Amino acid sequence: RVRLTDEQMQQLYERAPLALLGRWAFAVAQRLHPEDYRTYVIDRNINYTNICTARCTFCAFKRNDPAAADAYTLDYPAIFQKIAELVAIGGTQILMQGGMNPALPLGYYEGVLQGIREKFPSVHIHAFSPEEVKYGAGLAGVSFQDYLAELKDAGLGSVPGTSAEILDDQVRARISPGRISTAEWVDVITSAHRVGLPTTSTIMFGHIETDLQRMRHLDLLRSIQRDTGGITEFVPLSFVHRE
């Protein structure tokens, strides 16, 4: 396996026909996964709070003021009701994320996992972004790895690789000042892998990043995967400029 240089990545991106890149990518996929089928799950996204202290400039979801008319935090019964509705239609997984809400005690996070595991043992819990893991570990005063191990014991099944945007600190300083750094994001993801929690990975593209910054982001994800094999999915998210 040959690792491409920045110059080689840029040349491929700028000069190689899209159809040719697609054929190469498909050939790799067939080599890694020669089965003639693919699988999917029925899941539900649950955002447990939109109250958040982060200063991300691109987010239309967060509410910094808890008194805002549309600010909310879901209690356990409301979350359980959403999961019951999912199970009723054959769903098997939830994706649960939220803002950094200073009104929520540390026990909220482990408590909700334990409650879901007890009431819905067949539902896979895919929850808590690296930003939320950093926040929770800070509240607990422990390392990312120790905090993730505690969440796993409480019922967490895997971690979404969100909060990534573009894994370049110059970009991050402009679009999400004070948020999780590139090194911290990598630390959370690899810590999850070390404690036996698989993760996904993401990119949010189409804002201020350069082509080379996109490619370096992808190369970093590939390096993590080569080291740990813990990434199950790559999710490309296009930047939505409205709001």
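Along the Cα→Cβ direction, 7 angstrom out, place labels at Arg117 and Gln81. What is the inter-label distance in nm?
2.6
Just to be sure I understand: with springs between alpha-carbon atoms less than 10 Å apart, which residue in Gly22, Gly157, Gly141 has the highest mean-square fluctuation in the Gaussian network model of the chain?
Greatest mean-square fluctuation among the candidates belongs to Gly22.
Evaluate the charge dipole of the range 153-227 about its Cα centre and quote only its size in Debye, nearest 20, assuming +1 on the Cβ of each Lys and Arg and -1 on the Cβ of each Asp and Glu.
I would put it at about 80 debye.
Going toward the positive end of the dipole of the chain, with +1 on Lys and Arg Cβ and -1 on Asp and Glu Cβ, which of Gly90, Val112, Leu237 do you reach last?
So the residue we want is Leu237.
Cross-link candidates for Lys119: which lysines have Cα within less than 16 Å, leaving aside residues fewer than 8 places away along the same chain?
By straight Cα distance, Lys119 reaches Lys82.
With n ≥ 4 as the cut-off for DSSP H runs, can you work out [θ] at 222 nm for the chain, using -39500 (n - 2.57) per run divided by the number of residues, rounded to the nearest 500?
-14500 deg cm²/dmol
Using alpha-carbon positions, what is the distance between the centroids of the range 38-67 and the range 229-243, in Å?
14
When you have a sec, figure out the Kirkwood radius of the range 129-243 from all distinct Cα pair distances and drop it here in Å to one decimal?
14.5
What Cys residues in the chain are without a partner cysteine, judged by a Cβ distance under 4.7 Å?
Lone cysteines by the Cβ rule: Cys52.
Given a 1.4 Å probe and the protein chains all in place, what does the accessible area of Phe80 round to, in Å² to the nearest 10?
Here the accessible area works out near 30 Å².
Explain nothing, just the number: dipole magnitude of the chain about its Cα centre with +1 on each Lys and Arg Cβ and -1 on each Asp and Glu Cβ, in debye rounded to the nearest 20.
About 400 debye.
Rank these by accessible area, largest first, 1.4 Å probe: Leu20, Leu32.
Leu32, Leu20
If you stretched the chain out fully between Gln213 and Leu32, how much longer would it get, using 0.36 nm times the residue separation minus the C-alpha to C-alpha distance?
Difference between extended and current length: 62.5 nm.
Protein chains only, probe 1.4 Å: how do Arg194, Arg216, Arg172, Arg15 rank by accessible area, largest first?
Largest accessible area first, the list is Arg15, Arg194, Arg216, Arg172.
Among Ile189, Met204, Gln225, which residue has its Cα furthest toward the positive end of the charge dipole of the range 180-234, with +1 on Lys/Arg Cβ and -1 on Asp/Glu Cβ?
Towards the positive end, the residue furthest out is Gln225.
Helix 211-228 sits at what angle to the longest principal axis of the chain, using alpha carbons and giving 0 to 90 degrees rounded to 10?
Result, in degrees: 70.
The values are calculated or read from the model by the stated rules, or taken from the named source; none is laboratory data. As the structure is a prediction and not an experimental result, all values here were calculated from the model. Glycine also receives a Cβ, built like all others from the backbone with ideal geometry; neighbour counts cover every protein chain displayed. We work out accessible area using only protein heavy atoms, side chains counted, and drop any ligands, DNA or RNA first. Shrake-Rupley method; radii C 1.70, N 1.55, O 1.52, S 1.80 Å.
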